[in-house]
1. Please name all residue pairs, on different chains or six or more residues apart, with Cβ atoms under 6 Å, provided the first residue is in the stretch 63-80 and is within 17 Å of residue 95 (Cα to Cα) and the second residue is surrounded by 10 or more Cβ atoms within 10 Å (Cβ to Cβ) and among the aliphatic types (A, V, I, L, M).
2. Looking at the structure I just gave you, is residue 190 closer than 16 Å to residue 30 by Cβ, β-branched (Val, Ile, Thr) and touching a helix residue (DSSP H, G or I) at 6+ places or on another chain (Cβ under 9 Å)?
3. State which residue is nearest to the chain's Cα centre (by Cα) when the search covers only the stretch 168-182 and only residues that are buried (at least 17 other Cβ atoms within 10 Å of the Cβ) and either under 16 Å from residue 149 (Cα atoms) or of a type in the set (Phe, Trp, Tyr) (or both).
4. Sort out which residues of the stretch 134-184 are in contact with a Phe, Trp or Tyr (Cβ under 6 Å, 6 or more places away or on another chain) and at pLDDT below 90, and write them in order of number.
5. Which of the residues spanning the stretch 34-73 are within 29 Å of the chain's Cα centre (by Cα) and among the β-branched types (Val, Ile, Thr)?
6. Scanning for something among the β-branched types (Val, Ile, Thr) and surrounded by 15 or more Cβ atoms within 10 Å (Cβ to Cβ), does the stretch 53-62 turn up at least one residue?
7. Looking at this structure, is residue 194 in the same structural domain as residue 208 (by TED's automatic domain parsing), of a type in the set (Asp, Glu) and over 19 Å from the mean Cα position of the chain (by Cα)?
Amino acid sequence: MTRNLSPFCLLLAGALGARLAYADAEPSAQGWQDLVPPVSAYDDPFLALTSTQLADLARVARLCERQQRAGRLSEDTAIRLAEFMQSLEQQGLDVDGLLALREEIKQKRRAAAESVDTSPNNRRVRISGYLLPLEFNGTEVTEFLLVPTVGACMHVPPPPPSQMVHVTFADGFGTRGLYRPVWVEGTMAVGSGETELFHIDATADVSFGYRISAFDVADYSE
């Protein structure tokens, strides 16, 4: 005897089938460089400057800001400011033009650094990297940041958000140290956020551009 299934049962069966098919699908390999989106080209005149020129220009900017706040500089400080400006101008630099562009270029650099690629959203991926623990369940890591290089964020400025992935893994992973790479498989979502990362002697707020709800975390192997 054949029984007709209700619309709800048909819908539930379809959803379960789609979920099983998704679970059996092979995750796509995700490279870190692919997470860096292309950005609109812009002219950055500061890239052509030497480290000495950048340092002298920064001194000029600080002294000019001090002069604006105080209304005047001491005679010795004013002489130093004039010497820095003369030196830079003799090297062919437009000091006033560069100072006027500082804030604009700073904003463009920040926008480029914080941008992310939207194409991996809701995609099942497999990506390797190094984990920085955030939360534990006993000795198992259940929440961590995944970064492309060993020791990132620990003693150097953190990577841009496009190179930071926030991972949650309910099953927990028994990590054997910060310097051993891992594989992470799960569903990637594009979405920026911030978290507090604990160092040995300090804490720092870091930004990430992606999230992964992991269904597997394992020690790295080729």
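The values are calculated or read from the model by the stated rules, or taken from the named source; none is laboratory data. Please read all numbers here as calculations on a predicted model, not as lab measurements. When we count neighbours, we look across all protein chains shown, and the Cβ atoms used for this are built from the backbone with ideal geometry, even at glycine.
1. As it stands, the answer is 63/81; 67/73, since those pairs meet every condition given.
2. So residue 190 does not fit the description; no.
3. Within the stretch 168-182, the match that is nearest to the chain's Cα centre (by Cα) is 182.
4. Passing the criteria: only 150.
5. 36, 39, 50, 52
6. Checked the stretch 53-62: at least one residue is among the β-branched types (Val, Ile, Thr) and surrounded by 15 or more Cβ atoms within 10 Å (Cβ to Cβ).
7. no
Every residue, every condition in (1) charged (D, E, K, R); (2) under 25 Å from residue 40 (Cα atoms), yes or no:
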residue	(1), (2)
102	yes, yes
123	yes, no
133	no, no
165	no, yes
168	no, no
171	yes, no
